[in-house]
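**Q** Before we start, here is the structure in question, set down as structure tokens.
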Amino acid sequence: MTSESRDPLATFLSAAREQQVFSGAAWSVGTVDGAANRGLLGTRAWGGDPVDAETIWDLASLTKPIVGLVVMALLERGRLALTDPIALHLPVYTDTDKADITIWHLLTHTSGIPGGQRLYRDHTDPTSLLRAVRQLPLRAAPGIQVEYSSQGFMILGLIAEAASGQTLDALVRRYVAEPVGMPHLMYNPPEEVRPLAAATEECAWRGRLIQGTVHDENAEVLGGVAAHAGLFATLDDIERLGLALLREGQGEHGRLLAPRTLAVMTRPATDHLDPLDHRRSLAWQGADILGTVPGDLLTTEAYGHAGFTGTSLWVDPTLGFYAVLLTNRVHPRRDSTAMQWVRPRFHNLAVTSVLERRG
């Protein structure tokens, strides 16, 4: 890493750490040819060990597009189609108001299933929590509006398992981690690996500091393996994913998705509902005109996703650009709102510095 005086990204993120936005950060930005700027700073926890290449980060909702890649891999293999209704794969939904919601609706957050549901407060085991998801009243008819729904993705994970006959963690390993070359992408890090994790919240519900186990409470009730949250990874892992996406699905050890499948997955899907805000493709967020996460300089073809813990990955095929930012902005508390100004500024600086170097 270059000295902070010559590196705008390191300087900017160091200043954010000084303002206690996070205790640690890791980043990589670059082009199809590889990283143009990458670095590590801070500590895994306040007063803890330094962040290094082995640090694993709780990806939070960055889990969603990774599971979306699994769903598209199953689509390529004829195990499912975007038009499949939930009840086709999960008969327990047959007589519910969600029976005819499709996989497309779930992937685009247009299912009408309400999001932001703290079901863990009243449901302390997977069976009870998933029953509660099934019983949630729809907020709107499917396809009418975008409402970000982790609960919809919980159902999507169950569909992937039913369509394939494999567990979700095995599917992620087979269809994403192995072809891309992401050896540390995992659910439920083993106990000996947990000290390597960036700490997240000092959680009153669990009565402890969370380090190396999933931050999302609903995911914890589900055993740490869910489609909406739960994955951990290193900077190297997510950097390789960004490069594979830029390289039309070609990973270090195999094909992630065929180019045509990836194109279908990442093209805008909800502009007919709201062209200015809440743009969605299949499991990915689009570069909203009114959005704050991707900044101001990406093109309308850009796609990416953020995680509640302070993680994100963005890819712009038009610019030939990717950006990874991994932080623990919920450490030690989740109530900070500073990441809403850190992310767009980081991406603006990243785009500018990479394009200047390439130019």
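The values are calculated or read from the model by the stated rules, or taken from the named source; none is laboratory data. Computed from a prediction, not measured in an experiment: that's the story for all the values here. Glycine also receives a Cβ, built like all others from the backbone with ideal geometry; neighbour counts cover every protein chain displayed. Please note that ligands, DNA and RNA were not included when accessible areas were found on the heavy atoms of the full protein model with its side chains. Shrake-Rupley method; radii C 1.70, N 1.55, O 1.52, S 1.80 Å.
**Q** Of the conditions (1) more than 23 Å from ILE56 (Cα to Cα); (2) touching a residue at least 12 places away in the same chain (Cβ under 8 Å); (3) of a type in the set (Ser, Thr, Tyr), THR167 fails just one. Which one is it?
**A** Result: THR167 fails condition (1) only.
**Q** Same structure, new question: Identify the single condition in (1) free of Cβ contacts under 8 Å to residues at least 60 places away in the same chain; (2) crowded, with 22+ Cβ neighbours inside 10 Å that CYS203 does not satisfy, given that it satisfies every other one.
**A** (2)
**Q** Picking from ILE113, ILE155, which residue would you name as being open to solvent by less than 20 Å² (accessible area, probe 1.4 Å), within 13 Å of ALA219 (Cα to Cα), at pLDDT 95 or above and of a type in the set (A, V, I, L, M)?
**A** Values: ILE113 fails: within 13 Å of ALA219 (Cα to Cα).
Exactly one of ILE113, ILE155 is open to solvent by less than 20 Å² (accessible area, probe 1.4 Å), within 13 Å of ALA219 (Cα to Cα), at pLDDT 95 or above and of a type in the set (A, V, I, L, M), namely ILE155.
**Q** Within the range 269-279, can you find the residues that are open to solvent by less than 70 Å² (accessible area, probe 1.4 Å) and either farther than 21 Å from ASN348 by Cα or modelled with pLDDT under 85 (or both)?
**A** Start the filter on the range 269-279 by keeping residues that are open to solvent by less than 70 Å² (accessible area, probe 1.4 Å), which leaves 269-271, 273-274, 277, 279.
Of everything in the range 269-279, those that are open to solvent by less than 70 Å² (accessible area, probe 1.4 Å) and either farther than 21 Å from ASN348 by Cα or modelled with pLDDT under 85 (or both) turn out to be ALA269, THR270, ASP271, LEU273, ASP274, ASP277.
**Q** Let me ask another. Would you check which residues across the range 15-49 are of a type in the set (S, T, N, Q) and over 15 Å from ALA350 (Cβ atoms) and list them? Break it down into steps so the answer makes sense when it comes.
**A** So in the range 15-49, the residues of a type in the set (S, T, N, Q) come out as 19-20, 23, 28, 31, 37, 43.
If the condition is that a residue be of a type in the set (S, T, N, Q) and over 15 Å from ALA350 (Cβ atoms), then GLN19, GLN20, SER23, THR43 are the ones that fit.
**Q** Still on this model: Can you pull out the residues in the range 210-238 that are surrounded by fewer than 24 Cβ atoms within 10 Å (Cβ to Cβ) and on the phi > 0 side of the Ramachandran plot?
**A** GLY212, GLY223, GLY224
**Q** Among the numbered criteria (1) open to solvent by less than 20 Å² (accessible area, probe 1.4 Å); (2) at positive phi, which one does GLU248 miss?
**A** (1)
**Q** Quick one: in the range 45-57, of everything that is open to solvent by less than 20 Å² (accessible area, probe 1.4 Å) and touching a strand residue (DSSP E or B) at 6+ places or on another chain (Cβ under 6 Å), which residue is farthest from LEU282 (Cα to Cα)?
**A** Per the stated criteria, the residue is VAL51.
**Q** Suppose we filter LEU319, LEU325 for residues that are in contact (Cβ under 8 Å) with a residue 40 or more places away in the chain, crowded, with 17+ Cβ neighbours inside 10 Å and in contact with a helix residue (DSSP H, G or I) (Cβ under 8 Å, 6 or more places away or on another chain); which single one remains? Spell out the reasoning first.
**A** Numbers: LEU319 fails: in contact (Cβ under 8 Å) with a residue 40 or more places away in the chain.
Selected residue: LEU325, the only one of LEU319, LEU325 that is in contact (Cβ under 8 Å) with a residue 40 or more places away in the chain, crowded, with 17+ Cβ neighbours inside 10 Å and in contact with a helix residue (DSSP H, G or I) (Cβ under 8 Å, 6 or more places away or on another chain).
**Q** Okay, next question. Condition test on GLY39, is it free of Cβ contacts under 8 Å to residues at least 40 places away in the same chain, closer than 30 Å to GLU356 by Cβ and part of a strand (DSSP E or B)?
**A** When the stated conditions are applied, GLY39 passes them.
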